[in-house]
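The values are calculated or read from the model by the stated rules, or taken from the named source; none is laboratory data. Quick caveat, the model's predicted, so the values are computed rather than measured. In this analysis, Cβ positions are derived from the backbone assuming ideal geometry, glycine residues included, and neighbour counts consider all displayed protein chains.
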């Protein structure tokens with residue numbers, strides 16, 4: 001194996017390690033989103049897992065469960081969108097630190113299971 005191949009495999013191994021570290025950190029990254037003017041608050045982590053849902057007492061109306069359901073869905077979707085965005089930013093930082101030119105242009109990290 002020539003020196004260039006060895007260097008390439010070394011960089012690939014380093015990249016894999018850094019990506020795994022960043023993926024582990026995503027479970028610690030938290031985002032919060034609101035719906036209904038703050039009546040529903042949803043927290044999610046960078047792995048797109050819902051951590052908590054807080055409902056304002058005014059949104060809990062037994063005669064209008066549909067409104068509460070809609071607000072919960074909206075809040076969850078916003079939180080998951082924020083989690084996705086935060087995860088993408090974190091992974092791009094990882095690639096930027098490891099690769100000259102600031103990452104991989106046009107790469108959709110979601111295809112990598114991140």
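Taking first residues from segment 41-68 that are in contact (Cβ under 8 Å) with a residue 60 or more places away in the chain and partners that are surrounded by 14 or more Cβ atoms within 10 Å (Cβ to Cβ) and not in a helix (DSSP H, G or I), no Cβ contact under 6 Å between residues at least 6 apart in sequence or on separate chains turns up. Taking residue 33 as the residue in question, decide whether it is in contact with a helix residue (DSSP H, G or I) (Cβ under 6 Å, 6 or more places away or on another chain), modelled with pLDDT of 80 or more and assigned to a strand (DSSP E or B). So residue 33 passes the test. Among the residues of segment 82-92, the one identified as without any contact (Cβ under 8 Å) to a residue 24 or more places away in the chain and surrounded by 14 or more Cβ atoms within 10 Å (Cβ to Cβ) is 92.
So that you can scan it fast, the table gives a plain yes or no per residue for (1) surrounded by fewer than 14 Cβ atoms within 10 Å (Cβ to Cβ); (2) assigned to a strand (DSSP E or B); (3) under 15 Å from the mean Cα position of the chain (by Cα):
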| residue | (1), (2), (3) |
| --- | --- |
| 44 | no, yes, yes |
| 66 | yes, no, no |
| 71 | no, no, no |
| 80 | no, no, yes |
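Across segment 82-111, which residue is nearest to residue 48 (Cα to Cα) among those that are in a helix (DSSP H, G or I) and modelled with pLDDT under 80? Filtering first and then ranking leaves 110.
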